[in-house]
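S.K.: Let me give you the structure first, and then I'll get to my questions.
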Amino acid sequence: MTDFDPFTDMVDSPMYVVTAEAAGERAGCLVGFGSQCSIRPARFVVWLSRVNHTYRVAEHAERLTVHLLHRDQGRLARLFGGETGDRTDKFTDVPWHPGPGGSVILDEAPTWFVGRVESRIDGGDHVGFLLAPEAAETLGGAPAPPMSLSDARGITPGHPVN
Ligand SMILES: Cc1cc2nc3c(=O)[nH]c(=O)nc-3n(C[C@H](O)[C@H](O)[C@H](O)COP(=O)(O)O)c2cc1C
């Protein structure tokens, strides 16, 4: 518990799955630390923990895919947030296809964008990946409302914090 917790406890951020590919290796994890940070030019930052397998692949990736999760996608959230690529190949359990520039797109996620990594920002135990969107898609139909942190709180992070 810190003095900051009363503030962060009130924040119910949307949940994303961020995927990366580098040198033929794929990775992806559940992310709550993410936000648009510029309108013109359009820019978005996702923050990856230095300990995660996804961070180590993303360090060498030219692009990341950010998938917005919807409330009915608990299975994807548990797989990408509760397992680590250090022990499990998450991509044998979910259908995916290659996207622009070697990006990795999850077939089950209807809402996503691919961003080119413009820079990396030291944020402490997380590193910010500043993304310039290159392609985006929201498939038709009426998806469930976005998943938020309060929907995912029961998931124990698959990668130990230290
Ligand atoms: C609710 C929730 C939010 C999370 N938010 C982030 C985040 O913003 N950034 C991050 O790097 N990891 C975050 N994680 C942790 C990773 O998703 C988790 O440790 C995952 O197993 C890492 O997988 P990897 O080692 O394959 O990258 C979050 C986990 C949960 C359950």
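The values are calculated or read from the model by the stated rules, or taken from the named source; none is laboratory data. Note that the coordinates shown come from a computational prediction; the quantities given were computed from them, not determined experimentally. Please note: Cβ atoms are built from the backbone with ideal geometry, for glycine as well, and neighbour counts cover all protein chains shown.
S.K.: Kindly check whether there is at least one residue in the stretch 1-24 that is part of a strand (DSSP E or B), more than 12 Å from the ligand (Cβ to nearest atom), in contact with a Leu (Cβ under 8 Å, 6 or more places away or on another chain) and at negative phi. So that I can check it myself, show each step before the final result.
M.R.: So in the stretch 1-24, the residues part of a strand (DSSP E or B) come out as 14, 16-22.
Narrowing the set further to residues that are more than 12 Å from the ligand (Cβ to nearest atom) leaves 21-22.
When the remaining residues are screened for being in contact with a Leu (Cβ under 8 Å, 6 or more places away or on another chain), the result is none.
There is no residue in the stretch 1-24 that is part of a strand (DSSP E or B), more than 12 Å from the ligand (Cβ to nearest atom), in contact with a Leu (Cβ under 8 Å, 6 or more places away or on another chain) and at negative phi.
S.K.: Tally the residues that are among the hydrophobic types (A, V, I, L, M, F, W, C), in a strand (DSSP E or B) and over 18 Å from L69 (Cβ atoms), restricting the search to the stretch 25-44.
M.R.: First, pick out the residues of the stretch 25-44 that are among the hydrophobic types (A, V, I, L, M, F, W, C): 27, 29-31, 33, 37, 39, 42, 44.
If we keep only those that are in a strand (DSSP E or B) as well, we get 27, 29-31, 37, 44.
Keeping just the survivors that are over 18 Å from L69 (Cβ atoms) gives 37.
Within the stretch 25-44, residues that are among the hydrophobic types (A, V, I, L, M, F, W, C), in a strand (DSSP E or B) and over 18 Å from L69 (Cβ atoms) number 1.
S.K.: Please pick out the residue among V17, V31 that is touching a His at 6+ places or on another chain (Cβ under 6 Å), modelled with pLDDT of 95 or more, within 19 Å of I105 (Cα to Cα) and of a type in the set (V, I, T). Full working, then the answer.
M.R.: Details: V31 fails: touching a His at 6+ places or on another chain (Cβ under 6 Å).
Testing whether each residue is touching a His at 6+ places or on another chain (Cβ under 6 Å), modelled with pLDDT of 95 or more, within 19 Å of I105 (Cα to Cα) and of a type in the set (V, I, T) leaves just V17.
S.K.: If I ask for residues that are within 9 Å of the ligand (Cβ to nearest atom) and surrounded by fewer than 12 Cβ atoms within 10 Å (Cβ to Cβ), which ones from the stretch 126-162 would you list?
M.R.: R153, G154, T156, P160, V161
S.K.: Any residue in the stretch 1-26 that is under 15 Å from D89 (Cβ atoms) sitting within a Cβ distance under 6 Å of a residue that is surrounded by fewer than 24 Cβ atoms within 10 Å (Cβ to Cβ) and at pLDDT below 95? List the pairs, counting only those 6 or more apart or interchain.
M.R.: Taking only residues 6 or more apart or on different chains, the pairs are E21/G102.
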